[in-house]
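The values are calculated or read from the model by the stated rules, or taken from the named source; none is laboratory data. What you see is a predicted model; the values in this text were computed from it and never measured. Please note: Cβ atoms are built from the backbone with ideal geometry, for glycine as well, and neighbour counts cover all protein chains shown. Note: accessible area is taken over every heavy atom of the protein model, side chains too, but ligands, DNA and RNA are not part of it. Shrake-Rupley method; radii C 1.70, N 1.55, O 1.52, S 1.80 Å.
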Amino acid sequence: MTQKERYAAAKEAYAKIGVDTDAVIAKLKEIPVSLHCWQGDDVIGFDHDGPLTGGIQTTGNYPGKARTPEELMQDIDQVIRLTPGKKKLNLHASYAIFEDGEFADRDKIEPKHFAKWVEFAKERNMGIDFNPTFFSHDNIKDGLTLSSPDEDVRRFWIEHGRACIRISEYFAKETGVPCVMNIWTGDGTKDIPADRLGPRERYKAAIEEIIAEPHDPKLVKPCVESKVFGIGVEAYTVGSAEFSLAFAAMHEGCLPLMDNGHYHPTEFVSDKIPALLAFFPEIALHITRPVRWDSDHVVLFDDETKEMAKEIVRCNAIDRVDMALDYFDASINRISAWTVGFRSWQKALLSAMCTPADALKKMQDDSDWTGLMVRQEAMKMMPLGDVWEEYCIACGTTEDGWFDEVKKYESEVLAKRA
Ligand code: RNT
Ligand code: ZN
């Protein structure tokens, strides 16, 4: 059978359960997903020489990581070519590009330090999302940034956040696409603190100052990302789930951002998505794969990934959820890691959009739990792979063959980065 014939058969099978796969393919092509720049260089960036700090870690030293903006852009281009679907570019402040020996510290960065990224994004028709970088820097005192008791430290990081709001607005104006600006800090303590409230009050006041930086709320969407713990920050996290969710709920225009690596292992972000959608007009996600902890493994087409996509789609919330990938594996080919993760989330969205949600919801409301189980299990055997291939072709790629291109790129480009 040719792909054409396989797709025709799949299309018919889905039509029988009320799913129009042509319409799904056309729609999926237009859903933006934010591609994180930091898989390409192990979250290092270009503004410092020190190690990655803040409770996050990359493990492995697979050869070929990007060392310059040019190399990182070249790698991102590979990923764009090898993956179907619409993208936004997700940048961290630490990826500022300084020219001719110039340098600006994090509290002094300006739009011009990101002009090259804007040019890159515009040429590829992408919007840009942004993240102030509150880690990997000398001005982190005793593991604290925005929640530090040291006024000077706090001020430095507040100024960094405000600079990032200005840069975010510049991105939005230049690209014509709103910029989601996510605030995450690794602030916390290794051991049992004597004061849990003080740092949170300071953190709250600091984020309030950051988002008070004048901006058009239609162009810049500030988010707060929660976390449960980090390496070296095991006992207490200032920006906990309750803190971040309450902050977003109490501050108009501020979105809650859930990273599915940032919860206890028996909690599921798929269940939290509809809970938040009942209250917030818009929410943001970091999509990752936690293996026992916030390990940031490459996203796979696994059950929880599928379930998260299913919730977004069946809540009719594709326009209300800002989706971004967040993982970093330094132990395998980074282009492949990026590509597998991006493709996995695309597959999850496709799978969700090929699910007859209304019919299944009706079975639940009719208390037909027996039938619902049977139907949901039957869905797993539908010919999704044939629809996926058709989608890939519609986006100018295929499922077969992309890894050969990665291997070729590895030997022609990555292997030469010694
Ligand atoms: C860390 C957070 C945060 C970072 C990125 C690099 O635990 O998930 O989002 O991974 O900002
Ligand atoms: Zn994250």
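Which of the peptides 245-252, 165-172, 74-81, 144-151 is most tightly packed, and how do the rest follow, going by the mean number of other Cβ atoms within 10 Å of each residue?
Going from most to least packed, we get 165-172, 144-151, 74-81, 245-252.
Mind giving me the nanometre distance, one decimal, between the label points for Ser295 and Met250, set 7 Å out from Cα along Cα→Cβ?
Placing both labels 7 Å beyond Cα along the Cβ direction yields 3.7 nm.
Assuming a viscosity of 1.567 mPa s and a temperature of 4 °C, what translational diffusion coefficient in µm² per second does Stokes-Einstein assign to the chain, Rh being the Kirkwood radius over Cα pairs?
58 µm²/s
Just to confirm, what accessible area per residue do you get for the chain at 1.4 Å probe, in whole Å²?
Accessible area per residue, the chain: 44 Å².
For helix 369-379, what angle does its Cα long axis make with the longest principal axis of the chain, in degrees from 0 to 90 and rounded to 10?
90 degrees
So which lysines can Lys16 reach, going by Cα to Cα under 19 Å and dropping same-chain residues fewer than 8 places off?
Lys4, Lys361, Lys362, Lys380
Determine the calculated [θ] at 222 nm for the chain from helices alone, applying -39500 (n - 2.57) to every DSSP H run no shorter than 4 residues and normalising by the residue count; nearest 500 deg cm²/dmol.
After summing the helix terms and dividing by the residues of the chain, the value is -13500 deg cm²/dmol.
Given 10 Å bins starting at zero, what is the percent of C-alpha pairs of segment 272-378 in each, up to the one with the largest pair distance?
14, 39, 32, 14, 2
Could you give the spread of the C-alpha atoms of segment 40-174 along their three principal axes, from largest to smallest, in whole angstroms?
Result for segment 40-174: principal-axis Cα extents of 47, 38, 31 Å.
Ordered by residue, what ³J(HN,Hα) values in Hz, to whole numbers, does segment 77-89 give under the Karplus form 6.51 cos²θ - 1.76 cosθ + 1.60, where θ = phi - 60° and Gly and Pro are x?
4, 4, 4, 4, 5, 8, 10, x, x, 7, 10, 10, 9
At a 1.4 Å probe, what is the % contribution of carbon and sulfur to the accessible area of the chain?
Its accessible area is 53 percent carbon and sulfur atoms.
Which cross-chain or sequence-distant (5 or more) residues have an amide H under 5 Å from the amide H of Ile183, H modelled 1.01 Å from N in plane?
Cys223, Val224, Glu225
In whole Å, how far is the Cα centre of segment 1-78 from that of segment 252-296?
19 Å
How about Lys141: which lysines have a C-alpha closer than 25 Å to its C-alpha, ignoring those fewer than 8 places off in the same chain?
Output for Lys141: Lys108, Lys190, Lys204, Lys227.
Output the pairs from Lys116/Lys407; Lys86/Lys221; Lys116/Lys408 with a Cα-Cα distance over 24 Å in this structure; if there are none, say none.
As for pairs spanning more than 24 Å Cα to Cα, those are Lys116/Lys407; Lys116/Lys408.
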